[in-house]
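Enquirer: Please read through the structure below; I'll follow up with questions.
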Amino acid sequence: MLLLTPVMKFYRPLVTVSLTVALLSACSLQAAEVREPDEKDWYQHATFYQIYPRSFQDSNGDGIGDLKGITARMEYLAGLGIDATWLSPPFVSPLADFGYDVADFYDIQPEYGTLADMEELIAEAHRHGIKLMLDFIPNHSSDEHDWFVRSANGVAKYRDYYIWRPGRQNSQTGALEPPNNWISVFGGPAWTYDERRGEFYLHQFTKKQADLNYRNPAVVEEMTKMLSFWLEKGVDGFRLDAINHMFEDAQLRDEPPGWGAPGTYDELDHIYTKDNPDTYNVVYGWRQLCDDFGRRMNKTIIIMTEAYASIENTMLYYEDATGSRQGAHMPFNFQLIYDFRHDQNAIGLKQSIDFWLNHMPARHTASWVAGSHDHSRVGSRVGLEHVDQVLTLLHTLPGTSITYYGEEIGMLDFKDAELYDNRDPNRTPMQWDNSISAGFSTNRTTWLRLHPDYPTRNVAMQEAAEKSTLKHFRTLTALRRHPTLVHGEFKHRTVGRDVYAFSRELHGEDTLVTVLNMATSSRTVDLGDFVNLPDRLTVEIAQPMSNYKAGDEVDIHQVTLLQHDSVVLRAVVSGASVVRLSLIVALLAAVEHLF
C-alpha cells in the first residue's frame with residue numbers, strides 16, 4: 001500500500017483547487033462558446049396556407065365558396081398543422097378579377113357573406129390557434145369604387161385620387177390617343193378614356209382596375225386608415241399584392257422597347273411603371289403602423305409583399321439600404337415555383353436556394369412559396385411524382401413555408417375549367433370527398449367545374465389510406481415545431497448531380513438531414529461529408545412512395561433513394577460538448593481519488 005508523505009499531503013489541496021479551477025474554467029469557456037439561439041417570433045417558422053374563398057367550401061348551396069364555409073372547416077385546418085392562413089380578397093367587388101378589383105375595402109362581397117361572418121371567422125381561427133391574414137390590393141381599386149366614380153365626375157376632393165391625363169392628338173389621323181405607350185400587364189393599352197371626365201385614366205391591370213395616385217397624401221392616408229380598420233377587427237397581418245406597381249414615373253415618359261411580342265406586356269421594358277423607389281417608403285410606413293398596433297395589443301402583426309422584381313429590388317422590401325427602416329417581414333420568394341422543374345437537377349436546385357439566401361439581409365426570414373392562385377399547381381407544374389418531394393423540401397428549409405389550398409392532397413390543374421381567366425384551372429373547388437361536387441357544395445353546379453379526378457383524389461380517401469400526401473403533409477408540419485427546424489443552422493450540398501441534401505443542426509438537439517433524389521431512377525449516396533454525424537441514422541419521415549419508412553435505420557454511407565424520393569433523417573449527435581463533459585467527469589473522479 002502506497003503511503004502519502006507529508007509533502008504529498010501538503011500538495012493534495014493545491015492539486016484539488018487547481019483541478020477545480022480548471023473545471024470551472026472549462027465550463028465557463030463552454031458556456032461562452034455556445035450561445036442560446038434567439039427566440040423566434042411566430043411567423044419566422046410558420047406554415048402559411050392560402051385559401052381562395054370562392055373555391056374552398058360552400059355553406060349555402062349556391063355553388064360558390066364563402067366565409068361560413070371556411071369557418072366550418074377550421075378543425076380541418078388546425079389538424080393540418082398550419083400556423084396561419086391568408087385569404088384572397090373577400091371584399092366587395094364586381095369580380096372583373098375575382099376580388100382583386102375592390103369596390104369597397106370596408107365590406108364583404110355578398111356572395112361570401114357579411115362583415116359579421118368575417119368577424120366570426122377571425123375569432124374561430126384564433127380559437128384554433130391559427131392566425132388570419134388578408135390579401136390587400138394597394139395599387140388600384142375597381143372603377144366602380146365610390147372614390148373612382150367621384151373622381152371621374154370631377155368632385156374636388158377625389159379629383160387626384162387616380163392617375164388622369166389628357167390624351168395625345170395623332171398628327172396624321174387626328175384621333176385622340178393615350179398619353180403614352182404604357183402597356184397593361186394583361187396586354188393592350190394601360191389607359192382608358194372616360195367620357196365623364198374627358199380624360200384617360202391609368203390601369204396597369206384590367207380597365208376595371210384603376211391605379212390609385214400615391215403621390216396624393218390623401219390616398220396614402222385613406223389606405224392606411226383601411227389597414228387600421230382591419231387591424232381593429234383582429235386580423236394578424238396583410239399580404240400586399242402587386243406592390244411594385246404602386247408608383248409610376250411622374251413625367252409619364254414612354255417606356256423603351258423590351259423583348260416581347262407586339263401588344264404583350266413584355267413588348268416594353270417597364271422602367272417607368274414598376275419598382276419606383278417611392279414604393280418602399282409607403283411599405284416602411286405601413287410596417288411602422290403594424291408594429292405600433294402590435295405593441296399596443298401585445299402581438300406581432302406581419303406584412304408580406306408580392307412583387308415580381310429583380311432580386312435587388314425585392315430585398316429592399318425587407319429593409320432600406322441602411323437597415324434603419326424595416327419593411328415586409330417576408331417578401332414572397334417564388335424561386336421554388338420558377339426553378340423546381342420536372343427536369344431540375346440537384347445543382348440547379350441548390351443554386352436556386354442560394355440565390356435567395358445569399359441576397360437576403362442578415363437576421364431576416366426566408367419565405368418559400370410552393371403555389372398560389374396565380375400559378376399552376378405543383379402536380380401540374382412539375383409532375384405528380386414530385387408533389388411529396390416538394391412538400392418535404394418546402395417544410396424543412398429554414399424560414400416560413402407558404403402553400404396553397406389543395407396542395408396537401410396533390411390537386412391538379414383542370415384545363416377544361418377555364419371560363420373567366422387562364423388561371424381558372426388552378427382555382428377549381430377543393431376536393432373533400434367523392435360525394436356530390438366533391439363535398440365542396442350540395443349544388444351539382446359549381447362556379448368552376450370540378451377536376452374529374454375528385455372521386456379518387458380527395459381528403460376523405462387520403463385520410464383513410466395508410467400512406468398519403470395528406471398524411472405526409474401533416475407529419476412535416478408537426479416536425480417543423482422541432483427546435484432544430486425552428487432554430488437550427490442550415491448547411492446544404494449536392495451529392496453528385498442528382499441528390500440534394502441539407503442538414504439542420506442545433507447545439508444540444510438532434511440533427512435533421514433532408515435528402516432529395518432529383519433523378520428519374522434510384523440513387524445510392526454517401527452522406528459522410530456531413531461531419532459530426534454518426535454512422536447510423538434513423539428515418540424520421542419518408543414520403544409515401546419511398547422505399548423507407550419512419551423508424552428504419554440507414555447507414556450514412558449507403559442511403560438509397562428511389563426516383564424523385566425524399567426522406568428526413570435524424571441523427572443523435574455526440575458533439576464536442578459531450579466530449580468535454582466526459583473529460584470533466586474524468587477529472588472529477590481524479591479529484592475524488594486524491595482524497
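Enquirer: Could you size up the charge dipole of the stretch 374-450 around its Cα centre, putting +1 on the beta carbon of Lys and Arg and -1 on that of Asp and Glu, and report it in debye to the nearest 20?
Expert: With Lys and Arg at +1 and Asp and Glu at -1, about 140 debye.
Enquirer: Oh, and also: Viscosity 1.306 mPa s, temperature 10 °C: what is the translational diffusion coefficient of the chain from Stokes-Einstein with a Kirkwood Rh over Cα pairs, rounded to a whole number of µm²/s?
Expert: Reported coefficient: 59 µm²/s.
Enquirer: How many times 2.2 N^0.38 Å is the alpha carbon radius of gyration of the stretch 459-533?
Expert: Working it through for the stretch 459-533, the quotient is 1.33.
Enquirer: ASP107's amide H: which non-local residues (gap 5+, or another chain) put their own amide H closer than 5 Å, with H modeled 1.01 Å from N in plane and none for Pro or chain starts?
Expert: Answer set, sorted by chain and number: VAL92.
Enquirer: List the residues, sorted by chain then number, that are 5 or more residues from VAL495 or on another chain and whose placed amide H is less than 5 Å from its amide H.
Expert: Here TYR500, ALA501 satisfy the definition.
Enquirer: For a distance above 16 Å, tell me the whole-number percent of Cα pairs in the stretch 448-495 that qualify.
Expert: 61 percent
Enquirer: Ignoring ligands, DNA and RNA, what accessible area per residue does the stretch 486-577 give at 1.4 Å, in Å²?
Expert: Computed with neighbouring chains in place, this is 43 Å² per residue.
Enquirer: Using Cα centres only, tell me the gap between the stretch 82-123 and the stretch 225-243 in whole Å.
Expert: The two parts, judged by their Cα centres, are 12 Å apart.
Enquirer: Please report, for the Cα atoms of the stretch 319-424, the Rg to one decimal and the Dmax as a whole number; what are they, in angstrom?
Expert: Here Rg and the maximum Cα pair distance are 15.4, 50 Å.
Enquirer: So how tilted is helix 115-127 from the main axis of the chain? Cα-based, degrees 0 to 90, rounded to 10.
Expert: On a 0 to 90 degree scale, this one is about 10.
Enquirer: Separate question: Provide the per-residue ³J(HN,Hα) series for the stretch 58-63, in order, calculated from phi with Karplus coefficients 6.51, -1.76, 1.60 and θ = phi - 60°, each as a whole number of Hz, with x at glycine and proline positions.
Expert: Result, ordered by residue: 9, 9, 10, x, 8, x Hz.
Enquirer: Scan around TRP86 for amide H atoms under 5 Å from its own, H built in the peptide plane at 1.01 Å from N, and keep only partners 5 or more places away or cross-chain.
Expert: Excluding prolines and chain starts, which carry no amide H, the hits are TYR49, GLN50, ILE51, MET133.
Enquirer: Could you give P(r) for the stretch 332-373, binned at 5 Å from zero, as whole percent values over all Cα-Cα pairs?
Expert: In whole percents, the pair-distance histogram is 5, 22, 31, 22, 13, 5, 1.
Enquirer: Against the globular-protein guess of 2.2 N^0.38 Å, express the Cα radius of gyration of the stretch 214-289 as a ratio, rounded to two decimals.
Expert: For the stretch 214-289, the normalised Cα radius of gyration is 1.38.
Enquirer: On a 1.4 Å probe surface of the protein chains, which of ASP83, ASP269, ASP343 comes out largest in accessible area, and what is the full order?
Expert: ASP343, ASP269, ASP83
Enquirer: Quick one: how many Å² of ASP275 are accessible to a 1.4 Å probe, rounded to 10?
Expert: Around 40 Å² of this residue is reachable by solvent.
Enquirer: Counting other Cβ atoms within 10 Å of each Cβ, which trypsin sites (Lys or Arg not before Pro) in the stretch 438-513 have at most 13 and sit in a DSSP loop?
Expert: ARG444, ARG481, ARG497
Enquirer: Quick one: helix 217-233 against the long Cα principal axis of the chain, what's the angle to the nearest 10°, folded into 0 to 90?
Expert: Long axis of 217-233 versus the principal axis of the chain: about 60 degrees.
Enquirer: Taking the square root of 5 times each eigenvalue of the Cα gyration tensor, what semi-axes in Å does the equivalent ellipsoid of the stretch 148-213 have, largest first?
Expert: Semi-axis lengths for the stretch 148-213 are 20, 16, 8 Å.
Enquirer: Continuing with this model, one more query. Take the Cα pairs of the stretch 180-308, get the Kirkwood Rh, then feed it into Stokes-Einstein at 25 °C and 0.890 mPa s and tell me D in µm²/s.
Expert: Estimated diffusion coefficient is 150 µm²/s.
Enquirer: Still on this structure, please answer the following. Restricting attention to the stretch 185-271, which GluC sites (Glu not before Pro) occupy a DSSP loop and are surrounded by at most 16 other Cβ atoms within 10 Å?
Expert: Answer in residue order: GLU195.
Enquirer: Report the calculated FRET efficiency for GLU39 and ALA261 (r = Cβ-Cβ distance, R0 = 35 Å), to the nearest 0.05.
Expert: The value I calculate is 0.10.
Enquirer: Note the direction-averaged projected area, equal to a quarter of the hull surface, for the Cα convex hull of the stretch 486-577, in nm².
Expert: That works out to 5.6 nm².
Enquirer: Could you check the simple spin-label distance between ALA116 and GLU195, using points 7 Å along Cα→Cβ, in nm with one decimal?
Expert: Roughly 4.2 nm, to one decimal.
Enquirer: If you place +1 on the Cβ of every Lys and Arg, -1 on the Cβ of every Asp and Glu, and leave all else neutral, what size is the dipole of the chain about its Cα centre, to the nearest 20 Debye?
Expert: 1420 debye
Enquirer: Where the accessible area of the chain is counted over protein heavy atoms with a 1.4 Å probe, how much of it, in %, is carbon and sulfur?
Expert: That share works out to 53 percent.
Enquirer: Quick one: check the C-alpha center-to-center distance for the stretch 145-162 versus the stretch 323-361, whole angstrom.
Expert: 41 Å
Enquirer: For helix 346-359, report the angle its Cα long axis makes with the longest principal axis of the Cα atoms of the chain; keep it between 0 and 90° and round to the nearest 10°.
Expert: 80 degrees
Enquirer: Report ³J(HN,Hα) in whole Hz for each residue of the stretch 450-456, in order, from the Karplus equation J = 6.51 cos²θ - 1.76 cosθ + 1.60 where θ = phi - 60°; Gly and Pro get x.
Expert: Coupling constants for the stretch 450-456: 6, 5, x, 7, 4, x, 10 Hz.
The values are calculated or read from the model by the stated rules, or taken from the named source; none is laboratory data. Given the structure is predicted, the values throughout are model-derived calculations rather than measurements. Using ideal geometry, Cβ is built from the backbone for each residue, glycine included, and neighbour counts are taken over all protein chains shown. Protein only, heavy atoms only, side chains kept; ligands, DNA and RNA dropped before computing areas. Shrake-Rupley method; radii C 1.70, N 1.55, O 1.52, S 1.80 Å.
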